[in-house]
1. Would you mention how many residues in segment 207-221 are modelled with pLDDT of 95 or more and more than 10 Å from TYR179 (Cα to Cα)?
2. Got a number for residues in segment 25-40 being in contact with a helix residue (DSSP H, G or I) (Cβ under 9 Å, 6 or more places away or on another chain) and free of Cβ contacts under 8 Å to residues at least 60 places away in the same chain?
3. In segment 10-41, what residues are of a type in the set (Asp, Glu) and over 20 Å from LEU141 (Cα atoms)?
4. Scan GLU114, GLU122 and give me the residue that is free of Cβ contacts under 8 Å to residues at least 12 places away in the same chain, more than 8 Å from the ligand (Cβ to nearest atom) and more than 19 Å from ALA149 (Cα to Cα).
5. Pairs needed: first member in segment 1-24, touching a residue at least 40 places away in the same chain (Cβ under 8 Å) and within 17 Å of GLY159 (Cα to Cα); second member anywhere, part of a helix (DSSP H, G or I) and of a type outside the set (D, E, K, R); C-beta distance under 8 Å; at least 6 residues apart or different chains.
6. Of all residues in segment 1-19, which are among the aliphatic types (A, V, I, L, M) and either closer than 11 Å to ASN36 by Cβ or not in a strand (DSSP E or B) (or both)?
7. Within segment 58-65, identify whether any single residue is of a type outside the set (D, E, K, R), touching a Gly at 6+ places or on another chain (Cβ under 9 Å) and surrounded by 19 or more Cβ atoms within 10 Å (Cβ to Cβ), and answer yes or no.
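The values are calculated or read from the model by the stated rules, or taken from the named source; none is laboratory data. Values in this document were obtained by computation on a predicted structure and should not be read as measured data. Note that each Cβ is placed from the backbone with ideal geometry, even for glycine, and that neighbours are counted across all protein chains shown.
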Amino acid sequence: MRLDLFTLFPQAFDWFVAQRHVRNAVAHGAEINRINYRDTTPLGAGQVDDAPYGGGAGMVLRVDVVDAALRAAYPERRPDRVVLLTPGGTQFDEGLAAELAAEPHVALLCGRYEGFDERIREHLATDAVSIGRYVLAGGELAAMVVADAMLRKLPGALGHAESALEESFSEALGGAPEYPHYTRPPTYLGWDVPDVLVSGDHERVREWRLEQSRRRGESGSA
Ligand code: ADE
């Protein structure tokens with residue numbers, strides 16, 4: 001998997017790329033590139049944005065700037081998925097994370113300012129994705145959320161291959177949230193670990209977990 005992050009703030013991803021699971025994914029063959037729109041802008045003085053037609057507050061990322069960045073990065077073939085991060089996009093979820101993680105090459109386009117020229121969404125992106133119905137100051141945090149959920153699915157990202165199998169929203173749990181976890185001490189301030197988990201009866205533990213997961217799915221709390 002090759003993941004290209006287009007941004008005006010490549011350094012915003014410094015913390016993200018240093019995370020263990022991200023480094024693991026890279027060590028197992030994933031490639032992560034940060035590409036600054038400013039490096040290839042066709043405009044003078046590093047300009048990347050402009051005032052909105054029709055007036056209004058703020059600045060808008062220009063379509064020619066984003067197209068130039070994509071042309072420079074992909075002289076031959078663009079990735080099958082060019083994902084624009086925007087508050088009004090399709091709601092990101094575990095299913096979309098799995099779909100993107102299965103792609104060989106994905107580009108994430110981060111915006112700043114008031115947003116993107118709409119022609120970027122119409123003509124340059126294949127997907128517009130939102131991480132929630134709120135407005136962030138830029139797409140970088142949203143891109144990190146999307147990249148994190150994707151990369152942890154790649155081989156070798158997590159220490160134990162099985163830890164991603166029975167997690168929230170996985171097929172193994174029928175798409176429901178994960179069951180509750182407990183560890184030592186068995187009792188704390190009178191709060192006890194459920195008996196079944198310390199019973200040593202693996203079949204009962206399995207049934208209890210599936211039941212808890214199902215209940216959480218019904219009540220809508222993960
Ligand atoms: N850019 C700004 N806010 C965003 C959001 N909620 N999701 C995706 N991209 C964004």
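1. 1
2. 9
3. Passing the criteria: only ASP39.
4. One residue alone meets the criteria, GLU122.
5. Pairs found: HIS21/LEU151; VAL22/PHE16; VAL22/ALA147; VAL22/LEU151.
6. As a first pass, look at segment 1-19 and keep what is among the aliphatic types (A, V, I, L, M): 1, 3, 5, 8, 12, 17-18.
Once the filter is applied, which keeps residues that are among the aliphatic types (A, V, I, L, M) and either closer than 11 Å to ASN36 by Cβ or not in a strand (DSSP E or B) (or both), segment 1-19 yields MET1, LEU5, LEU8, ALA12, VAL17, ALA18.
7. yes
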